[in-house]
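S.K.: Take a look at this one; I'll ask things after.
The values are calculated or read from the model by the stated rules, or taken from the named source; none is laboratory data. Everything quoted here is computed from the prediction, not taken from an experiment. For the accessible areas, the whole protein counts, side chains as well, though only heavy atoms, and no ligand, DNA or RNA atoms are used. Shrake-Rupley method; radii C 1.70, N 1.55, O 1.52, S 1.80 Å.
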Amino acid sequence: MKTPHTTNAEPQPAIFTPDEAAGYIKVTTRTIRNLTARGILPVTRLSGKIVRYRRTDLDKALEAFTSGGR
């Protein structure tokens, strides 16, 4: 009987810090800030300067740029 192939890779979190968000979509944190300021990338503000990004929002933003739409 074969066993399913497993990996030791950890699953991606659903919520990202700005640095993690930048790493997830392979851009700089400056790009993340610019996309947020332009209203392209939604952000969740926890308090003051503490912000988080949802993985689903990052995926949608990336898809919009990939398909050429906004």
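S.K.: Would you point out which residue out of LEU58, LEU35, LEU62 is open to solvent by 60 Å² or more (accessible area, probe 1.4 Å), assigned to a helix (DSSP H, G or I) and among the aliphatic types (A, V, I, L, M)?
M.R.: LEU62 is the lone residue from the list that is open to solvent by 60 Å² or more (accessible area, probe 1.4 Å), assigned to a helix (DSSP H, G or I) and among the aliphatic types (A, V, I, L, M).
S.K.: Name the single residue, out of those in the stretch 10-32 being of a type outside the set (Val, Ile, Thr) and open to solvent by less than 80 Å² (accessible area, probe 1.4 Å), that is modelled with the lowest pLDDT. Spell out the reasoning first.
M.R.: Step one: list which residues in the stretch 10-32 are of a type outside the set (Val, Ile, Thr), which gives 10-14, 16, 18-24, 26, 30.
Within this subset, residues satisfying the condition of being open to solvent by less than 80 Å² (accessible area, probe 1.4 Å) are 13-14, 16, 18, 21-24.
Details: PRO13: 82, ALA14: 94, PHE16: 97, PRO18: 97, ALA21: 97, ALA22: 97, GLY23: 96, TYR24: 95.
Selected residue: PRO13.
S.K.: Being basic (Lys, Arg) and assigned to a loop (DSSP other than H, G, I, E, B) is the filter; apply it to the stretch 38-55 and report the residue that is nearest to PRO13 (Cα to Cα). Before you say what the answer is, go through the steps one by one.
M.R.: Quick first cut of the stretch 38-55, residues basic (Lys, Arg) only: 38, 45, 49, 52, 54-55.
With assigned to a loop (DSSP other than H, G, I, E, B) added as a condition, the list becomes 38, 49.
Values: ARG38: 25, LYS49: 21 Å.
Ranking the qualifying residues of the stretch 38-55, first place goes to LYS49.
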